[in-house]
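What follows is a set of notes on a single structure, which appears directly below.
The values are calculated or read from the model by the stated rules, or taken from the named source; none is laboratory data. Computed from a predicted model, the values in this text were never measured in an experiment. Virtual Cβ from ideal backbone geometry, glycine too; neighbours counted across all protein chains shown.
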């Protein structure tokens, strides 16, 4: 038997045996993977934080590099990026959170009247349709909703002290957070050095014909995830702000609550817009069915304007992934990993789609040398 063929057969058999063993003990493999991820959790969190802050850090670095040398511009850019993140978080807790608490307080205080109005509307509708159905009793729903909103209100009101107490009480979380912060600062500060080390590592241990394609895949993945995260955050901020402004003319008391709900749900691809719209419409439905209808029409128009006019101009072109594949990616990602899977499924699918499209174009491209040789 040919020696090369024997090696290929042996390699296929080895892969098959390993695959069968993994499938047979999938629970053990999952536990081992979870343990490894737990050990590297500070590094993973630090990498995610550095990845999110990389674009702001690069912006400040280009700004400072005009008047300072590189050795001073890089640390100053990292410091400015973290200060900007702290300012944003402080602004959310100082301005948005109190307004959100106020909106929830208003809703809880008027909840009994909203439930009574909803019950009367349902009873009138059943009577108008001549349906012989026992009238609905929404008193239990009233009690349940009041309890839920009271708990949410208490949580939001005491969020700061609870976070401080929770963080100081759990040493492991504190250590993980500090290590993740240190890792992220080191990654941002030594970005160029780390990239150079990774390139040398690839050239040393990976075959030369694989280095270039692998580097292209890494660059494409980084660009796609950066574009996706930036786009989702900008879209959420714009949509939440415009929704709050529109709610000032529909139901001013609940403008912060509806704006935060719609903006936060917009971070979830595809399903987020529907989740935010449904939750907000249900809240307004108990206030006034007419206002709920006006809000739904307003939100549909707002999403069309934001998606077709504002978003392309602010973020640029989309990820290049057709709508059917976006829906498929969100469905599969949610089934496998839940909410984290929904969040990362779209950029991963975009990377795979781009690589597949490039390979198809390469395979179907006509040969450069088409003239017959004489």
Yes or no: region 339-355 includes at least one residue that is exposed (fewer than 11 other Cβ atoms within 10 Å of the Cβ) and at pLDDT 75 or above. no
Some residue of region 72-84 being modelled with pLDDT of 80 or more and within 24 Å of residue 259 (Cα to Cα): yes
Subset of region 244-259 [more than 24 Å from the chain's Cα centre (by Cα), in a helix (DSSP H, G or I) and either buried (at least 22 other Cβ atoms within 10 Å of the Cβ) or touching a residue at least 40 places away in the same chain (Cβ under 8 Å) (or both)]: 246, 247, 250, 253, 254
When residue 11 is run through (1) under 30 Å from residue 75 (Cβ atoms); (2) surrounded by fewer than 11 Cβ atoms within 10 Å (Cβ to Cβ), the failure sits at (1)
Residue in region 53-65 that is surrounded by fewer than 10 Cβ atoms within 10 Å (Cβ to Cβ) and at negative phi present: no
Test: residue 312 is touching a helix residue (DSSP H, G or I) at 6+ places or on another chain (Cβ under 9 Å) and modelled with pLDDT under 85: no
Examine region 57-80 for a residue that is assigned to a helix (DSSP H, G or I) and within 20 Å of the chain's Cα centre (by Cα), and state whether such a residue exists. no
